[in-house]
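Everything on this sheet refers to the single structure shown next.
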Amino acid sequence: MGRSGPQVMPTSARTSTITSDLWPDPELQDSAREALNLLRDHLHVRHFRRGELLWREGDTTGMLVSLRAGRVKIYRLLPNAREVTLFLFGPGDLFGFLPFLDGKGYPAYAQAMEDVEADVMARTALLQAMRAEPELAIALVALLGGRLRASFDLIRSLSTPGASARVAGALLALIPPEASLTGNRVAVRLPVSAHEFAGALGLVPETFSRALTGLVQDGILERAGPGRYRVLAVDALRKAADTAAT
């Protein structure tokens, strides 16, 4: 049985990332907002310092978390002590409620990547709220289902041969749907560092950088500063994302 309570873990362990919530999904955001509206009166603020564990794999006590500021990674430890990061959550994300739905322990660790401020709710309080308001359980299940579907989409993208197509697809996902209709000059910003973004795509930073340079040389992308880019032709970026998948 896992130990409960926040702990501090080293942040220098070697990591690889399978999938992550790096870009917003409107449907997931809607489900999160709906759940938070029902939970508003039950939440209280907590702070976690960088490197602190919110919970460990196997813990049966924990909390629902709605991030106000900072980022949290969800990861598992392999037998060789290598980290496999499953999700990266940022402000506005709602998570941590899976064990409350199936009664089992947490399947992974949760660690603050930087100083974090969050609204939280204990397991007992959440179960009581779900009994009082069935709409809350429905909203949380919808959020969980949407996140599972998003994970499948990201896993499929990781199977795409070719770093350029993978990077193009990831940048395309950062473009708001309404902006993609204009076809030209859309600003995008990486939601995490370039190193973390590359890892989420299953790429080493050098390969990620070369793929970006290739898109710049092809006239599809323009650098606008650290972590910021301008997409010069959305249709061309979409074609670059589809090239290796066909």
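The values are calculated or read from the model by the stated rules, or taken from the named source; none is laboratory data. Computed from a predicted model, the values in this text were never measured in an experiment. Here the Cβ is made from the backbone with ideal geometry for all residues, glycine too, and neighbour counts use every protein chain on show. We work out accessible area using only protein heavy atoms, side chains counted, and drop any ligands, DNA or RNA first. Shrake-Rupley method; radii C 1.70, N 1.55, O 1.52, S 1.80 Å.
Can you tell me which residue is nearest to residue 89 (Cα to Cα) among those in the range 194-246 that are open to solvent by 80 Å² or more (accessible area, probe 1.4 Å) and in contact with a Lys or Arg (Cβ under 7 Å, 6 or more places away or on another chain)? Looking at residues that are open to solvent by 80 Å² or more (accessible area, probe 1.4 Å) and in contact with a Lys or Arg (Cβ under 7 Å, 6 or more places away or on another chain), I get 228. For the range 64-74, the set of residues classified as crowded, with 22+ Cβ neighbours inside 10 Å and either among the charged types (D, E, K, R) or in contact (Cβ under 8 Å) with a residue 60 or more places away in the chain (or both) consists of 64, 73, listed by residue number. Is it the case that residue 88 is closer than 16 Å to residue 139 by Cβ and surrounded by 14 or more Cβ atoms within 10 Å (Cβ to Cβ)? Against the criterion (closer than 16 Å to residue 139 by Cβ and surrounded by 14 or more Cβ atoms within 10 Å (Cβ to Cβ)), residue 88 does not qualify.
Just one of the numbered conditions (1) under 26 Å from residue 125 (Cβ atoms); (2) open to solvent by 70 Å² or more (accessible area, probe 1.4 Å); (3) in contact (Cβ under 8 Å) with a residue 24 or more places away in the chain is not true of residue 41: (3).
Screening residue 105 against (1) part of a loop (DSSP other than H, G, I, E, B); (2) under 21 Å from residue 196 (Cα atoms); (3) in contact with an Asp or Glu (Cβ under 9 Å, 6 or more places away or on another chain) leaves a single unmet condition, (2). Comparison of 105, 51 shows that the only residue that is modelled with pLDDT of 90 or more, touching a Pro at 6+ places or on another chain (Cβ under 9 Å) and surrounded by fewer than 22 Cβ atoms within 10 Å (Cβ to Cβ) is 51.
Please verify whether residue 112 is surrounded by fewer than 19 Cβ atoms within 10 Å (Cβ to Cβ), touching a residue at least 60 places away in the same chain (Cβ under 8 Å) and of a type outside the set (Asp, Glu), treating the condition exactly as stated.
In short, no.
The sole residue among 156, 123, 189 that is within 22 Å of the chain's Cα centre (by Cα) and either at pLDDT 80 or above or under 23 Å from residue 57 (Cα atoms) (or both) is 189.
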